[in-house]
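Student: Here it is, the structure in full.
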Amino acid sequence: MAGFYGQLADLLRAGVPMMRSLEVLARQSSNPLMKEISREIAEDVAGGMSLADAMSKHPQAFVELYVSMVRAGERGGFLEDVLTRVSNFIERQDELRSKLIGSMIYPCVLLFVGSSLITMLLTYFVPKLRPFIERAKPNILTHVVFGVSDFLSGYGVWILIVLFGTVTVVLAYARTDAGRRSIDLWKLKIPVLGRTLIMVSLCRFCRILGTLLASGVPILQALRISRDSAGNQILAEEIDKATDSVQKGKQMSEPFSQCPFFPLDMVDMIAVAEESNSLEKVLVQIADTNEVRTARSIDLGVRMVEPLLLTAIAGVVAAIAIALLVPILTMSANM
């Protein structure tokens, strides 16, 4: 999608007519679905429909946010700039998402492999070695390992059933309005991680709102569109309060200053930007600055989690090994 917007902006800026540009994109697209969508958009535009209206007929490809920006660009006569801004915005969001996912891959793999290894030791190797170890004098650690092994062997299937049922119930509850709100509130109050989730949501909201305002979208419409970008119902309710405040002729920063989830420095910058009539620039600046800080804190947190996971897994494996080997070595020495 970023390539589609960027290439269309380059073609229009080079003086290529809209119809010709859409036909070129339809021919050159490597995605079969995108090729068909581009062709249908070209046909609709040829029939007299605006580009934004033609795009709105394909919500699976063009979300409301980008359609509103394109519509404002068409009305204001700066469509090329809007398309370039949308392309850069998508690339920036994809870069941040890829960085977050990439940072979590190694810890998740490490946790999965370590858990599988420990489970295999307790459910397969310990029962095999138990008859030999019981001939010696098992220590307290050995009895603990035997107890955990018996529990997993006897109730492992029930544990999986309970976990599956719990996950199913939680997912069903999360689909309701009350459940979604409760889970979103719980996310924001998680120690350490909650602060990171708040900053990620607020950065996304500020960037989208600033981009919409810079593209000529009216502030009330921009607030209604960007409220869902926060990805959290609690923050969306606070954005609705800001929308009502703006509709009454007040400042957007007033409701934010009363919300405990909005940092004070961010609220102060928004308040000053409203007074100086530079809100769109300041919002993008807030997003740029805090995204870098958030990415740095996430990277630091992941780097701290990796050695902690390695130490924990190594400690459990070492405890199992000591529990099994010490009685064997003691028995061998006595013999």
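The values are calculated or read from the model by the stated rules, or taken from the named source; none is laboratory data. Not measured: the values here are computed from a predicted model. Here Cβ is always computed from backbone atoms with ideal geometry, including for glycine, and neighbour counts include all displayed protein chains.
Student: Kindly indicate the residue of region 30-43 that is surrounded by 18 or more Cβ atoms within 10 Å (Cβ to Cβ) and not small (Gly, Ala, Ser) and also farthest from Leu79 (Cα to Cα) among those meeting that condition.
Tutor: The selected residue is Ile37.
Student: Return the pair list, or none, for Cβ contacts closer than 7 Å from residues in region 9-20 that are at positive phi and part of a helix (DSSP H, G or I) to residues that are crowded, with 17+ Cβ neighbours inside 10 Å and not small (Gly, Ala, Ser), at least 6 apart or on different chains.
Tutor: Filtered contacts from region 9-20: no entries.
Student: Look through Ile183, Ile225 and report the one residue that is outside any loop (DSSP other than H, G, I, E, B) and modelled with pLDDT under 80.
Tutor: Only one candidate qualifies: Ile225.
Per-residue answers, yes or no, for (1) under 30 Å from Arg71 (Cβ atoms); (2) surrounded by 13 or more Cβ atoms within 10 Å (Cβ to Cβ):
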site: Tyr155; (1), (2): no, no
site: Gly179; (1), (2): no, yes
site: Gly216; (1), (2): yes, yes
site: Leu264; (1), (2): no, no
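Student: Another question about this same structure. Looking at (1) buried (at least 16 other Cβ atoms within 10 Å of the Cβ); (2) in the same structural domain as Leu209 (by TED's automatic domain parsing); (3) modelled with pLDDT under 80, can you tell me which one Glu134 breaks?
Tutor: The number of the failed condition is (1).
Student: Anything in region 55-65 that is surrounded by fewer than 16 Cβ atoms within 10 Å (Cβ to Cβ) and either within 24 Å of the chain's Cα centre (by Cα) or at pLDDT below 85 (or both)? List them, or say none.
Tutor: Passing the criteria: Pro59, Gln60, Val63, Glu64.
Student: Now for a separate question. Taking the conditions exactly as written (modelled with pLDDT of 85 or more and either in the same structural domain as Lys189 (by TED's automatic domain parsing) or in contact with a helix residue (DSSP H, G or I) (Cβ under 7 Å, 6 or more places away or on another chain) (or both)), does Val282 satisfy them or not?
Tutor: So Val282 passes the test.
Student: With more than 32 Å from the chain's Cα centre (by Cα), surrounded by fewer than 19 Cβ atoms within 10 Å (Cβ to Cβ), at pLDDT below 85 and among the charged types (D, E, K, R) as the only criterion, which of Arg92, Arg27 stands out?
Tutor: So the residue among Arg92, Arg27 that is more than 32 Å from the chain's Cα centre (by Cα), surrounded by fewer than 19 Cβ atoms within 10 Å (Cβ to Cβ), at pLDDT below 85 and among the charged types (D, E, K, R) is Arg27.
Student: State yes or no: is Ser68 of a type in the set (S, T, N, Q), under 30 Å from the mean Cα position of the chain (by Cα) and under 22 Å from Asp228 (Cβ atoms)?
Tutor: yes
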